[in-house]
1. Restricting attention to region A:136-175, which residues are crowded, with 21+ Cβ neighbours inside 10 Å and within 16 Å of ligand 2 (Cβ to nearest atom)?
2. Output the residue which, of all residues in region B:1-60 that are crowded, with 24+ Cβ neighbours inside 10 Å, among the basic types (Lys, Arg) and under 15 Å from residue A:33 (Cα atoms), is nearest to ligand 2 (Cβ to nearest atom).
3. Can residue B:18 be described as among the β-branched types (Val, Ile, Thr), at the interface with another protein chain (Cβ under 9 Å from one of its Cβ atoms) and either more than 27 Å from the chain's Cα centre (by Cα) or more than 16 Å from ligand 1 (Cβ to nearest atom) (or both)?
4. Could we say that residue B:90 is touching a residue at least 60 places away in the same chain (Cβ under 8 Å), more than 16 Å from ligand 3 (Cβ to nearest atom) and crowded, with 22+ Cβ neighbours inside 10 Å here?
5. Could you say which residue among B:378, B:402 is out of contact with any helix residue (DSSP H, G or I) (no Cβ under 8 Å at 6 or more places or on another chain) and surrounded by fewer than 24 Cβ atoms within 10 Å (Cβ to Cβ)?
6. For region A:260-300, what are the residues that are free of Cβ contacts under 8 Å to residues at least 24 places away in the same chain and open to solvent by 60 Å² or more (accessible area, probe 1.4 Å)?
7. What number goes with the only condition from (1) open to solvent by less than 20 Å² (accessible area, probe 1.4 Å); (2) modelled with pLDDT under 95; (3) part of a helix (DSSP H, G or I); (4) closer than 27 Å to residue B:78 by Cα that residue B:365 does not pass?
Amino acid sequence: MLDSRIIDQLRQIVGKDQVSAEKADLICYSYDATQQKFMPDVVVHPQTSEQISRIMRLANTEKVPVFPRGAGSGFTGGSLPTKGGIVLTTERMDKILEIDEENLVAVVQPGVVTEQFQIAVEKVGLFYPPDPASLKFSTLGGNVAECAGGPRCVKYGVTKDYILGLEVVTPTGDIITTGGPTMKGVVGYDLTKLMCGSEGTLGIVTRIVIKLLPLPEAKKTMLVLFDSIDGAARAVSAIVRNKIIPTTLEFMDGRTLDCVKQATGLQVPDAARAVLIIEVDGDREFLDKQARRIADIIQPLGVVETRIAETPEESEALWQIRRSVSASLRKVNPDKYNEDICVPRSKVPEMIRKVDEISDRYGVPIVNFGHAGDGNIHVNIMIDKKIPGEQEKAEKAIKEVFEGALALGGTMSGEHGIGIAKAPYIPLEITPETALYMKTLKKALDPNNILNPGKIFLD
Amino acid sequence: MSKLKDLEDYREEINQCVKCGACRAHCPVFGAEKHEGRVARGKVALAGAVLDGEIGLEAKVLEDLSQCLLCGSCCAQCPNKVPTEEIVAAARRRIAEEKGLSSFGKGVAAVLGRPKLMDLLAKTGGTLSHLLFKKVPENSGLRLRFPAPYIDADRTLPPIVAKPFRERVPEVIEGKPGMPTVAFFTGCGINYMYPAIGEAFLKALKFLGVTVIIPKDQACCGLPAVSAGAAQTVEDLAALNLAALTRRPVDYVVTACASCNAGIGKIYADLGDDYQALAAKTMDIFVFLVKHGLPEQLAALPKAATRTKVTYHDPCHLRTRGITKEPRQILKALPQVEFVEMAGAGTCCGLGGTYSVYHYDTSKQIGAKKAANITASGAELVATDCPGCIMQLQDSINHAGGKAQAVHLLELLVAALPDEK
Ligand SMILES: Cc1cc2nc3c(=O)[nH]c(=O)nc-3n(C[C@H](O)[C@H](O)[C@H](O)COP(=O)(O)OP(=O)(O)OC[C@H]3O[C@@H](n4cnc5c(N)ncnc54)[C@H](O)[C@@H]3O)c2cc1C
Ligand code: SF4
Ligand code: SF4
């Protein structure tokens, strides 16, 4: 329970309708997509940087932790109020402030929903490529904080590649700006990049300056079935070697395909043990040629069947197969751990074989799909938590998966971040010296450990 | 004990929510309010907390649960198909049971069968509280939707007609031999406010030679009572309608109101086998017309020289149950119509059963987005398949100062049919 005096002060800062300590509201801000639950003491809906600055000052004086929150769609618990205190949600800071068509730059508040922003810029022929699968509901602030990525990352990169500058409220309540609207800028440290992926532990992003691209004229989607995951992986290398960079190169392994077949009745030949969904974008006339060239290049690599979409509807139908994966998996087992390891592109088949071996040894179903173009594999460990012992098995399997990825020169998280879910595993990947460097930074910027404490590094 | 499902029966569905947040993209109330308590994920979390005894039915919980249009937009897009609209309706029934009907929605129960309030209804000036409102039976959903003390003066509402539709028409209208026989479930909107839609319905079916039965003793479908949490009223109305609609053998029960279609076609299915059989026979008018070849007959008519730009609004109660193609098929086939698809055709209009009565401000905000999309489409008319939507769409357009008019698609359809000899 927070002192009512603190709650009154919060009310003075943001207005009384923007603060609630009622239990019903606390329950509604106690969870995120990890499905874990921690009750905050108060929920605050600020609307300006100045308000956030004053909240941070107050929190430092009163030593109350503050947990920034966007849409609460995070997969690693970054927004969870693990120590009670204040949930600071940006959902009402949702204005697009500027779209500058001359300089291809936009300025937004952090609570703008990713897809809403994309729709707005596409209306004027511009393009914001980062496309996390959660784009219909995640916020741009959350995307920056997690450095979110998506299928289009193969060609276009991830969130941080589009962030030119930020306005940030520091953990102690100062308002600073990093970077700016220019394409170049080398004055001082690159704090913009430091903030990207810092999971709300180093500052609260209150304004984002975003780089835009011209919108490609069209895109073309194809779905290719392979007789093995090695064939699919070789196809990815062959495409890239031929100097073609598709927009997306999504894969599903044989076990994922089995789940989808079982759940949706999808018709595919039995010989198919891996799927690639390939999309290319650019000028319309050039796309047909490119799609055909890709089909020719990969044909000798164990292709069972190739489906090329001729219309937007057909393209949508191909993507629907990919989107049906999540729901299909739930039919296998009710609970899942969704890890998002990343390995060098060429090591994908080896990693999948390793995961299959771990799956068989522990007797827990694990299916893999993800972004073949950048080696980002979503490893889904399917269990039923109600069965005693399953959870422990899953946790052991996860640790082995991480160790396997690191042994191949990979990383334990490509997109979802660390939060609390992966914090225990950090020593597997980061040396004590690197960790010390990061913690020293955090301590210097947040001496009272007020902002999102206990995230990334366990206290 | 009500035959309708209890909140407890939804425990499994509540646990199916994986807290992904996808519903934030689809819930119209959340879009207007930007608060987690207003989105499906929050409401499901609260319903779960109530079941677990973590929280009681306190004011804030009641408020969040009242902030739901029961539109089903969340469930339609939910990866795990969590039926939030059913969970909220069950929670409202529990609230009504424990706290009395009036505690939910600030006085719905007061309007139900309480003569004193009825008088008040008749006396309050303007809008629906017209003397003619006395003609509307006490258990009609219209009374739940428009209890006079809660109706804003700046709201555009259609008047109650002097002679309800069902009193104007014979109970049986014979068609051609070999054609099916259908029962027309009119619903309150058509019966008391929009009889012209009912006339259009009859004309369209006459064109095909279908035999139509219009049982005089049918009642309100009960959907507004579902929205209000009035379990007993829902069951009473269902029983009346089951009797009225099964007295004569019919092939289908056809509706021209999306809400009635969902009431009989979905809600009743929980009440027992007889009701399930009734639900299985229930069909939307445009699904019926497409099934019986009307678009082909329309396509044969010569196209008009000047055509009117018309867009279509998907009523939630049809869209979330997969009925989106048939009305468009008819609309596109009409010779006098140039069909344009508007942005957000499938987002809720903001009426939501009893919702707009108690949350008129939020309802107006949701409607304003709709009105902006209608204007942007350049359409002169917005056609739909539900009297409730027509009312809300017109009110929203008027508030936005737009010029478009909301009509029932049936009215456009019959304007294209050749005159009777
Ligand atoms: C179905 C589903 C699919 C997903 N797919 C992808 C995917 O393809 N790729 C991907 O990368 N992620 C994916 N995610 C994960 C998640 O959507 C992303 O991490 C997203 O960026 C989180 O945004 P959010 O607004 O929900 O942030 P939240 O979950 O609310 O917060 C995430 C983190 O950001 C911090 N934060 C939020 N706003 C700010 C701010 N203004 N300033 C500072 N810190 C802030 C929080 O403290 C927290 O640490 C998916 C999630 C779901 C549920
Ligand atoms: S979309 Fe469905 S599963 Fe996801 S949070 Fe909403 S109700 Fe829960
Ligand atoms: S039924 Fe409609 S209003 Fe209610 S939670 Fe779902 S989307 Fe929102």
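The values are calculated or read from the model by the stated rules, or taken from the named source; none is laboratory data. Keep in mind that this is a model prediction, so the values were computed, not measured. Counting neighbours? That spans all protein chains shown, and the Cβs are built from the backbone with ideal geometry, glycine included. The area values use the complete protein model at the heavy-atom level, side chains included, leaving out ligands, DNA and RNA. Shrake-Rupley method; radii C 1.70, N 1.55, O 1.52, S 1.80 Å.
1. Residues satisfying the conditions are A:137, A:138, A:139, A:142.
2. For region B:1-60, the residue satisfying everything is B:41.
3. Yes, satisfied.
4. no
5. The match here is B:378.
6. Scanning region A:260-300 gives A:267, A:270, A:285, A:286, A:289, A:292, A:296, A:299, A:300.
7. (1)
Every residue, every condition in (1) at pLDDT below 95; (2) in a helix (DSSP H, G or I); (3) closer than 24 Å to residue B:199 by Cα, yes or no:
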residue	(1), (2), (3)
B:263	yes, yes, yes
B:269	yes, yes, no
B:286	no, yes, yes
B:289	no, yes, yes
B:298	yes, yes, yes
B:301	yes, no, yes
